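Student: Handing you this structure, nothing more for now.
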């Protein structure tokens, strides 16, 4: 088994741009609403939806049922070709984000690992390979914005002779 060990770097807009959007208020456009009693941080992610086959954007909640521990090792990744997929945590704990560029095939060595600052969400652009959502604590809840509709929108790939290991420094 070939194990690819990934170094984790902080999630920043610049470093994550090839894979998607960082959802955060730092540096975001904003304006007052509701008689200026609320500050709205606007247009934080590019939501991509393939409207064919009855596709439409949906907002869901996803609860992580099982905690993951570090070092984290996995061999299953996925991508969504018919829309982006945004995750906004409803808790203040860093989240691991592991991604690779679009492509028909992918190898463990193609991946990069990021860690959020505990207040950031993230939006995978369509076709970006990524690990399934995991958390170091169970019962964590995420707001998810993605596509619903007919047709498959999730390709999974399992590495046979490779695995990805992520260690926190």
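Student: Tell me, 152, 84 in order of fewest to most beta-carbon neighbours within 10 Å?
Tutor: Fewest-to-most Cβ neighbours within 10 Å comes out as 152, 84.
Student: To continue, here is another question. Give me the distance between the Cα centres of the stretch 21-97 and the stretch 108-125, rounded to whole Å.
Tutor: 11 Å
Student: Which ordering of 95, 35, 58, 136 is given by a fewest-first count of other beta-carbon atoms within 10 Å?
Tutor: Ascending Cβ contact count within 10 Å gives the list 35, 58, 136, 95.
Student: Add -39500 (n - 2.57) for each DSSP H run of 4 or more in the chain, then divide by its residues: what number comes out at 222 nm, to the nearest 500 deg cm²/dmol?
Tutor: The per-residue figure over the chain is -500 deg cm²/dmol.
Student: Which value, in nm² and rounded to one decimal, describes the direction-averaged projected area of the C-alpha convex hull of the stretch 83-147?
Tutor: The number I arrive at for the stretch 83-147 is 4.5 nm².
Student: In what order do 50, 146 fall by count of nearby beta-carbon atoms within 10 Å, going from fewest to most?
Tutor: The fewest-first ordering by Cβ neighbours comes to 50, 146.
Student: Determine, from the Cβ-Cβ distance of residue 37 and residue 67 and an R0 of 45 Å, the FRET efficiency 1/(1 + (r/R0)^6), rounded to the nearest 0.05.
Tutor: So, using R0 = 45 Å, E works out to roughly 0.70.
Student: Please tell me the relative contact order of the chain in percent, rounded to the nearest whole number, where contacts are Cα pairs under 8 Å and at least six residues apart.
Tutor: 39 percent
Student: Would you please state which residues of the stretch 118-160 a label at residue 28 would reach in this model, taking the label point 7 Å out along Cα→Cβ and a backbone N cut-off of under 15 Å?
Tutor: Residues 118-124, 143-145 qualify, since their backbone N sits under 15 Å from the label point.
Just so you know, all these numbers are worked out from the coordinates, no wet-lab data involved. Just so you know, these numbers come straight off a predicted model, no measurement behind them. FYI the Cβ positions are ideal-geometry reconstructions off the backbone, even for glycines, and counts take in every protein chain you see.
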